[in-house]
Amino acid sequence: MVFGAPYDGTSSFRKGSRFAPDSVRLAYDNLESFDPRYGVDYGEAAICDLGDLIELQSVDEMVESVSKVTSHIFSRGKLPIMLGGEHSITVGAVRSAGNCGMIIIDAHSDFRDSYHGSKLNHACVTRRCLELLGPGRIVSIGTRSISREEFESPEFNGVRFIRAEDVRKQGVQKFFAEIRKIAGDRIYFSIDMDGIDPAFAPAVGTPEPYGLSDCDVRDLLREFSKNVIGLDITEFSPQYDNGNTAMLASKLIQDFIGSRTS
(Lines give C-alpha, C1' and ligand atoms only; values in the text may rest on other atoms or scores of the structure.)
Protein backbone atom coordinates (compact mmCIF):
# COMPACT_ATOMS: atom_id res chain seq x y z
CA MET A 1 0.00 0.00 0.00
CA VAL A 2 1.54 3.28 -1.16
CA PHE A 3 1.06 6.60 0.58
CA GLY A 4 2.77 9.97 0.60
CA ALA A 5 4.07 11.80 3.67
CA PRO A 6 4.69 15.37 2.43
CA TYR A 7 6.77 16.95 5.19
CA ASP A 8 10.10 18.81 5.24
CA GLY A 9 9.75 20.99 8.33
CA THR A 10 13.13 20.10 9.88
CA SER A 11 15.16 20.04 6.64
CA SER A 12 18.38 21.91 7.30
CA PHE A 13 19.68 22.64 3.78
CA ARG A 14 17.50 22.23 0.69
CA LYS A 15 13.82 22.01 1.49
CA GLY A 16 11.23 20.75 -0.98
CA SER A 17 10.87 17.05 -0.21
CA ARG A 18 7.24 17.73 0.68
CA PHE A 19 6.64 17.95 -3.08
CA ALA A 20 8.23 14.56 -3.79
CA PRO A 21 5.31 12.10 -3.57
CA ASP A 22 3.51 13.36 -6.68
CA SER A 23 6.80 13.74 -8.55
CA VAL A 24 7.62 10.08 -7.89
CA ARG A 25 4.11 9.05 -8.95
CA LEU A 26 4.44 10.97 -12.22
CA ALA A 27 7.79 9.32 -12.98
CA TYR A 28 6.42 5.89 -12.08
CA ASP A 29 3.53 6.36 -14.50
CA ASN A 30 6.06 6.95 -17.29
CA LEU A 31 7.97 3.69 -16.75
CA GLU A 32 7.18 0.67 -18.90
CA SER A 33 4.64 -1.44 -17.06
CA PHE A 34 6.13 -4.79 -18.12
CA ASP A 35 9.46 -6.04 -16.78
CA PRO A 36 10.79 -9.15 -18.55
CA ARG A 37 13.44 -9.75 -15.87
CA TYR A 38 10.74 -10.57 -13.33
CA GLY A 39 7.98 -11.47 -15.79
CA VAL A 40 5.77 -8.87 -14.10
CA ASP A 41 3.21 -6.50 -15.55
CA TYR A 42 3.03 -3.77 -12.92
CA GLY A 43 -0.30 -2.63 -14.30
CA GLU A 44 -1.73 -5.91 -12.98
CA ALA A 45 0.10 -5.83 -9.63
CA ALA A 46 -1.95 -5.54 -6.43
CA ILE A 47 -0.87 -1.99 -5.57
CA CYS A 48 -3.14 0.44 -3.76
CA ASP A 49 -2.28 4.16 -3.54
CA LEU A 50 -3.86 5.73 -0.47
CA GLY A 51 -2.90 9.26 -1.49
CA ASP A 52 -1.07 11.67 0.81
CA LEU A 53 -1.28 12.35 4.50
CA ILE A 54 -2.21 15.89 5.49
CA GLU A 55 0.96 17.96 5.85
CA LEU A 56 1.11 18.98 9.50
CA GLN A 57 3.17 21.78 11.01
CA SER A 58 4.78 19.85 13.86
CA VAL A 59 7.30 17.06 13.26
CA ASP A 60 5.94 15.27 16.34
CA GLU A 61 2.43 15.35 14.87
CA MET A 62 3.66 14.25 11.45
CA VAL A 63 5.61 11.31 12.85
CA GLU A 64 2.56 10.28 14.87
CA SER A 65 0.37 10.51 11.74
CA VAL A 66 2.79 8.21 9.89
CA SER A 67 2.77 5.82 12.84
CA LYS A 68 -1.02 5.60 12.78
CA VAL A 69 -1.34 4.91 9.05
CA THR A 70 1.49 2.36 8.97
CA SER A 71 0.04 0.63 12.03
CA HIS A 72 -3.26 0.38 10.15
CA ILE A 73 -1.47 -1.11 7.11
CA PHE A 74 0.59 -3.58 9.17
CA SER A 75 -2.48 -4.72 11.11
CA ARG A 76 -4.08 -5.82 7.84
CA GLY A 77 -1.05 -7.84 6.80
CA LYS A 78 -0.08 -5.37 4.07
CA LEU A 79 3.25 -3.78 3.19
CA PRO A 80 3.56 0.03 3.36
CA ILE A 81 5.57 1.92 0.74
CA MET A 82 5.96 5.47 2.02
CA LEU A 83 6.92 8.34 -0.29
CA GLY A 84 8.61 11.11 1.67
CA GLY A 85 9.12 13.75 2.71
CA GLU A 86 12.20 14.16 4.81
CA HIS A 87 13.81 11.31 6.70
CA SER A 88 12.27 12.15 10.09
CA ILE A 89 9.03 10.47 9.00
CA THR A 90 10.74 7.05 9.05
CA VAL A 91 10.57 7.04 12.85
CA GLY A 92 6.78 6.87 12.69
CA ALA A 93 6.85 3.77 10.49
CA VAL A 94 9.44 2.01 12.65
CA ARG A 95 7.36 2.76 15.76
CA SER A 96 4.54 0.65 14.37
CA ALA A 97 6.64 -2.05 12.66
CA GLY A 98 7.05 -4.22 15.73
CA ASN A 99 9.90 -6.69 16.09
CA CYS A 100 12.20 -6.20 13.11
CA GLY A 101 15.65 -5.27 11.90
CA MET A 102 16.43 -2.34 9.66
CA ILE A 103 18.44 -1.44 6.56
CA ILE A 104 19.07 2.26 5.95
CA ILE A 105 20.58 3.83 2.85
CA ASP A 106 22.04 7.19 3.88
CA ALA A 107 25.04 9.43 3.33
CA HIS A 108 24.79 10.68 6.91
CA SER A 109 24.86 8.78 10.17
CA ASP A 110 21.79 10.77 11.37
CA PHE A 111 22.83 9.93 14.92
CA ARG A 112 22.47 13.25 16.73
CA ASP A 113 20.49 13.05 19.94
CA SER A 114 18.90 16.41 19.15
CA TYR A 115 19.31 18.95 16.37
CA HIS A 116 17.94 22.49 16.25
CA GLY A 117 16.02 21.74 19.42
CA SER A 118 14.23 18.62 18.18
CA LYS A 119 14.84 14.95 18.89
CA LEU A 120 12.80 14.13 15.78
CA ASN A 121 14.90 16.23 13.42
CA HIS A 122 15.89 14.43 10.21
CA ALA A 123 19.47 14.39 11.58
CA CYS A 124 18.35 12.18 14.50
CA VAL A 125 16.44 9.42 12.71
CA THR A 126 18.97 6.58 13.07
CA ARG A 127 19.39 7.26 16.79
CA ARG A 128 15.61 7.26 17.34
CA CYS A 129 15.30 3.98 15.41
CA LEU A 130 18.08 2.46 17.52
CA GLU A 131 16.11 3.36 20.64
CA LEU A 132 13.05 1.64 19.19
CA LEU A 133 14.71 -1.52 17.88
CA GLY A 134 17.69 -1.97 20.19
CA PRO A 135 21.41 -2.36 19.40
CA GLY A 136 22.76 -4.77 16.82
CA ARG A 137 19.67 -4.69 14.56
CA ILE A 138 20.33 -1.76 12.20
CA VAL A 139 22.69 -1.53 9.22
CA SER A 140 23.22 1.89 7.62
CA ILE A 141 24.89 1.74 4.20
CA GLY A 142 26.52 4.55 2.25
CA THR A 143 27.84 6.55 5.19
CA ARG A 144 30.31 9.34 4.41
CA SER A 145 29.31 12.19 6.75
CA ILE A 146 29.54 11.89 10.55
CA SER A 147 29.93 14.63 13.15
CA ARG A 148 32.38 14.27 16.03
CA GLU A 149 29.44 14.36 18.45
CA GLU A 150 27.84 11.39 16.73
CA PHE A 151 31.07 9.42 16.32
CA GLU A 152 31.99 9.77 19.99
CA SER A 153 28.53 8.85 21.29
CA PRO A 154 28.63 5.71 23.48
CA GLU A 155 25.62 4.36 21.57
CA PHE A 156 27.18 4.81 18.12
CA ASN A 157 28.40 1.22 17.86
CA GLY A 158 24.84 -0.02 18.33
CA VAL A 159 24.45 0.54 14.59
CA ARG A 160 26.62 -1.03 11.89
CA PHE A 161 27.66 1.77 9.55
CA ILE A 162 29.03 0.61 6.19
CA ARG A 163 30.91 3.36 4.39
CA ALA A 164 30.22 4.11 0.74
CA GLU A 165 33.98 3.94 0.19
CA ASP A 166 34.07 0.34 1.40
CA VAL A 167 31.16 -0.61 -0.85
CA ARG A 168 33.00 0.83 -3.84
CA LYS A 169 36.19 -1.04 -2.98
CA GLN A 170 34.70 -4.43 -2.13
CA GLY A 171 31.36 -4.50 -3.94
CA VAL A 172 27.99 -4.42 -2.22
CA GLN A 173 27.54 -8.20 -2.48
CA LYS A 174 30.48 -8.61 -0.11
CA PHE A 175 28.29 -7.28 2.72
CA PHE A 176 25.11 -9.29 2.08
CA ALA A 177 25.82 -12.03 4.64
CA GLU A 178 26.73 -9.53 7.35
CA ILE A 179 23.66 -7.41 6.62
CA ARG A 180 21.38 -10.43 6.79
CA LYS A 181 22.88 -11.55 10.08
CA ILE A 182 22.20 -8.14 11.64
CA ALA A 183 18.87 -7.19 10.04
CA GLY A 184 17.35 -10.66 10.27
CA ASP A 185 14.34 -12.08 8.45
CA ARG A 186 11.92 -9.21 9.07
CA ILE A 187 13.33 -5.93 7.76
CA TYR A 188 12.20 -2.33 7.51
CA PHE A 189 14.06 -0.76 4.55
CA SER A 190 14.57 3.02 4.50
CA ILE A 191 16.12 4.83 1.52
CA ASP A 192 17.38 8.35 2.03
CA MET A 193 18.13 9.31 -1.56
CA ASP A 194 21.26 11.23 -0.51
CA GLY A 195 22.88 7.85 0.18
CA ILE A 196 23.15 7.54 -3.60
CA ASP A 197 25.86 9.53 -5.36
CA PRO A 198 24.67 12.93 -6.68
CA ALA A 199 25.65 11.81 -10.18
CA PHE A 200 22.64 9.45 -10.03
CA ALA A 201 20.41 11.36 -7.59
CA PRO A 202 21.20 15.10 -7.70
CA ALA A 203 17.94 16.38 -6.22
CA VAL A 204 18.25 15.67 -2.52
CA GLY A 205 18.00 17.75 0.63
CA THR A 206 21.62 17.34 1.72
CA PRO A 207 23.79 16.06 -1.16
CA GLU A 208 27.14 14.37 -0.42
CA PRO A 209 29.71 13.35 -3.07
CA TYR A 210 31.32 9.90 -3.27
CA GLY A 211 28.13 7.91 -2.75
CA LEU A 212 26.62 4.56 -3.62
CA SER A 213 25.70 3.78 -7.20
CA ASP A 214 22.11 3.33 -8.31
CA CYS A 215 22.88 -0.35 -8.96
CA ASP A 216 24.24 -0.83 -5.42
CA VAL A 217 20.88 0.16 -3.99
CA ARG A 218 18.98 -1.85 -6.59
CA ASP A 219 21.02 -4.95 -5.73
CA LEU A 220 20.34 -4.48 -2.01
CA LEU A 221 16.61 -4.23 -2.66
CA ARG A 222 16.69 -7.34 -4.83
CA GLU A 223 18.64 -9.32 -2.26
CA PHE A 224 16.43 -8.51 0.73
CA SER A 225 13.05 -7.71 -0.82
CA LYS A 226 11.33 -10.90 0.30
CA ASN A 227 12.23 -10.11 3.92
CA VAL A 228 11.12 -6.48 3.77
CA ILE A 229 7.96 -5.60 5.73
CA GLY A 230 7.99 -1.88 4.86
CA LEU A 231 9.83 0.52 2.55
CA ASP A 232 10.26 4.26 2.38
CA ILE A 233 12.00 6.66 0.00
CA THR A 234 12.85 10.06 1.48
CA GLU A 235 14.81 13.31 1.03
CA PHE A 236 14.06 13.82 -2.68
CA SER A 237 13.53 17.53 -3.47
CA PRO A 238 12.00 17.77 -6.96
CA GLN A 239 12.77 21.45 -7.60
CA TYR A 240 16.48 20.60 -7.84
CA ASP A 241 15.91 17.69 -10.23
CA ASN A 242 16.74 17.22 -13.89
CA GLY A 243 14.35 14.27 -13.93
CA ASN A 244 16.93 11.65 -12.97
CA THR A 245 16.17 11.49 -9.24
CA ALA A 246 12.44 11.04 -9.72
CA MET A 247 12.96 8.29 -12.27
CA LEU A 248 15.48 6.52 -10.07
CA ALA A 249 13.18 6.64 -7.03
CA SER A 250 10.29 5.23 -9.08
CA LYS A 251 12.48 2.57 -10.68
CA LEU A 252 13.72 1.42 -7.26
CA ILE A 253 10.10 0.99 -6.18
CA GLN A 254 9.37 -0.97 -9.34
CA ASP A 255 12.43 -3.20 -8.82
CA PHE A 256 11.39 -3.79 -5.22
CA ILE A 257 7.89 -4.86 -6.23
CA GLY A 258 9.16 -7.02 -9.11
CA SER A 259 11.85 -8.77 -7.08
CA ARG A 260 9.29 -9.86 -4.48
CA THR A 261 7.45 -11.83 -7.16
CA SER A 262 10.41 -13.67 -8.71
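Data overview
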quantity: Residues that are assigned to a helix (DSSP H, G or I), out of contact with any Lys or Arg (no Cβ under 6 Å at 6 or more places or on another chain) and among the β-branched types (Val, Ile, Thr), drawn from the stretch 175-202; calculated: 179
quantity: Close pairs (9 angstrom Cβ cut-off, 6 or more residues apart or separate chains): on the phi > 0 side of the Ramachandran plot in the stretch 198-214, assigned to a helix (DSSP H, G or I) anywhere; calculated: 210/164; 210/165; 210/168
quantity: Qualifying positions in the stretch 142-159 - buried (at least 19 other Cβ atoms within 10 Å of the Cβ), out of contact with any Ser or Thr (no Cβ under 7 Å at 6 or more places or on another chain) and over 18 Å from residue 103 (Cα atoms); calculated: none
quantity: Tally, over the stretch 53-105, of residues that are part of a loop (DSSP other than H, G, I, E, B) and either more than 13 Å from the chain's Cα centre (by Cα) or more than 24 Å from residue 207 (Cβ to Cβ) (or both); calculated: 14
quantity: Filter result (in a helix (DSSP H, G or I) and within 29 Å of residue 218 (Cβ to Cβ)) within the stretch 106-149; calculated: 122, 123, 124, 125, 126, 127, 128, 129, 130, 132, 133
quantity: Residue count, the stretch 150-174 (criterion: part of a helix (DSSP H, G or I) and either farther than 15 Å from residue 218 by Cβ or of a type in the set (A, V, I, L, M) (or both)); calculated: 14
quantity: Subset of the stretch 204-236 [farther than 22 Å from residue 101 by Cα and either within 14 Å of the chain's Cα centre (by Cα) or in a helix (DSSP H, G or I) (or both)]; calculated: 204, 205, 214, 215, 236
quantity: Residue match in the stretch 68-76 (condition: more than 16 Å from residue 257 (Cα to Cα), at pLDDT 95 or above and loosely packed, with under 11 Cβ neighbours inside 10 Å); calculated: yes
quantity: Which listed residue, of 179, 162, is buried (at least 19 other Cβ atoms within 10 Å of the Cβ), farther than 23 Å from residue 20 by Cβ and either among the small types (Gly, Ala, Ser) or free of Cβ contacts under 8 Å to residues at least 24 places away in the same chain (or both); calculated: 162
quantity: Residue count for the stretch 159-217, restricted to those that are within 19 Å of residue 232 (Cα to Cα), among the aromatic types (Phe, Trp, Tyr) and out of contact with any strand residue (DSSP E or B) (no Cβ under 6 Å at 6 or more places or on another chain); calculated: 1
quantity: One residue from 134, 101, 117 being at pLDDT 95 or above and surrounded by fewer than 22 Cβ atoms within 10 Å (Cβ to Cβ); calculated: 134
quantity: Filter result for residue 107 (without any contact (Cβ under 8 Å) to a residue 40 or more places away in the chain and under 18 Å from residue 189 (Cβ atoms)); calculated: no
quantity: The lone exception for residue 90 - which of (1) surrounded by fewer than 24 Cβ atoms within 10 Å (Cβ to Cβ); (2) in contact (Cβ under 8 Å) with a residue 24 or more places away in the chain; (3) hydroxyl-bearing (Ser, Thr, Tyr) it fails; calculated: (1)
quantity: Among the residues listed as 84, 117, 142, 136, the single one being among the small types (Gly, Ala, Ser) and without any contact (Cβ under 8 Å) to a residue 40 or more places away in the chain; calculated: 117
quantity: Qualifying residue in the stretch 21-28 (condition: in contact with a strand residue (DSSP E or B) (Cβ under 8 Å, 6 or more places away or on another chain), surrounded by 19 or more Cβ atoms within 10 Å (Cβ to Cβ) and among the aromatic types (Phe, Trp, Tyr)); calculated: no
quantity: Contacts under 7 angstrom Cβ, first residue in the stretch 30-43 being small (Gly, Ala, Ser), partner assigned to a strand (DSSP E or B), 6 or more apart; calculated: 33/41
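The values are calculated or read from the model by the stated rules, or taken from the named source; none is laboratory data. All values reported here derive from a predicted model rather than from experimental measurement. Every residue, glycine among them, receives a Cβ derived from its backbone with ideal geometry; neighbour counts consider all protein chains shown.
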